[in-house]
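Take a look at the structure below.
The values are calculated or read from the model by the stated rules, or taken from the named source; none is laboratory data. Because the structure is a prediction, the values reported are computed rather than measured. Ideal geometry is used to build each Cβ from the backbone, glycine not excepted, and the neighbour counts take in all protein chains shown. Just the protein is used for accessible areas: all its heavy atoms, side chains included, with ligands, DNA and RNA removed. Shrake-Rupley method; radii C 1.70, N 1.55, O 1.52, S 1.80 Å.
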Amino acid sequence: VMGEVKNPGKYNLERGTTVLRALSMGGGLKDEAGEELTIIRPGSPLSGTMTLEEAEAKRLPIITLRLKDVLADDPKNNLYVRPGDSIIVSRIPFFFVLGEVKNPGKYNLSQGTNVMTAISMGGGLKDEAGEEVAIIRTGNPLLGTMTLEEAEAKRIPILKLNLRDVLAG
């Protein structure tokens, strides 16, 4: 059991163990748990864990489930765990709101979040806010926050929007 669980690790499989039970064995979910979980089915027990990329390269069966369906104990989604399965709980996507907003910081990205919502989550604009909004899409959450200058130097895509257009919807 890996990913956004409190105690990731390798657990002994008992007959009849479901995905929900395996999540419980892993200590339950962290606050950062996303909306999906992935099961990698190698077909036989492995000596260690396997990443999603390794499983895809080996063309192993990969099952993606909605976490809320598993937590609701939906029989179609709360599958039985098989020997060798790896269960990976996704991390909720996030973004940063920086610059001339009242509460800059890291926020959880939910479906339907747009630039206007992001500004609102950041507490709204300060009086010093300029006329432009820049969106830096690093494509890699491990890069963390980045200034415009850093993004330009690394040739990372930057989308620039007129603030009045954003506020007008």
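Values for this structure:
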item	result
Condition check for Lys106: among the charged types (D, E, K, R) and either at pLDDT 90 or above or closer than 28 Å to Glu36 by Cα (or both)	yes
Test set (1) out of contact with any Leu (no Cβ under 6 Å at 6 or more places or on another chain); (2) surrounded by 11 or more Cβ atoms within 10 Å (Cβ to Cβ) - Asn77 fails condition number	(1)
Tally of residues being within 19 Å of Tyr107 (Cβ to Cβ) and within 26 Å of the chain's Cα centre (by Cα) across segment 126-150	15
Matching residues, segment 130-169, being in a helix (DSSP H, G or I), without any contact (Cβ under 8 Å) to a residue 12 or more places away in the chain and over 15 Å from Phe95 (Cα atoms)	Glu149, Glu150, Glu152, Ala153, Asp165
Extreme residue, farthest from Met146 (Cα to Cα), among residues of segment 74-100 that are touching a helix residue (DSSP H, G or I) at 6+ places or on another chain (Cβ under 6 Å) and free of Cβ contacts under 8 Å to residues at least 60 places away in the same chain	Asn77
Residue within segment 145-159 that is in contact with a strand residue (DSSP E or B) (Cβ under 8 Å, 6 or more places away or on another chain) and loosely packed, with under 12 Cβ neighbours inside 10 Å present	yes
Selection from segment 76-107 of residues that are more than 26 Å from Met25 (Cα to Cα) and assigned to a strand (DSSP E or B)	Phe94, Phe95, Phe96, Val97, Val101, Gly105, Lys106, Tyr107
Residues satisfying the stated conditions in segment 55-73, i.e. open to solvent by less than 40 Å² (accessible area, probe 1.4 Å) and charged (D, E, K, R)	Asp69
Identity of the residue in segment 25-55, among the polar types (S, T, N, Q) and within 20 Å of the chain's Cα centre (by Cα), that ends up modelled with the lowest pLDDT	Thr49
Flag if Asp127 is free of Cβ contacts under 8 Å to residues at least 12 places away in the same chain, part of a loop (DSSP other than H, G, I, E, B), more than 28 Å from Glu35 (Cα to Cα) and open to solvent by 90 Å² or more (accessible area, probe 1.4 Å)	yes
Residue within segment 9-22 that is open to solvent by less than 60 Å² (accessible area, probe 1.4 Å) and over 30 Å from Ser110 (Cβ atoms) present	yes
Any chance Gly84 is in contact with a Lys or Arg (Cβ under 8 Å, 6 or more places away or on another chain), surrounded by fewer than 17 Cβ atoms within 10 Å (Cβ to Cβ), farther than 24 Å from Leu163 by Cβ and at pLDDT 95 or above	no
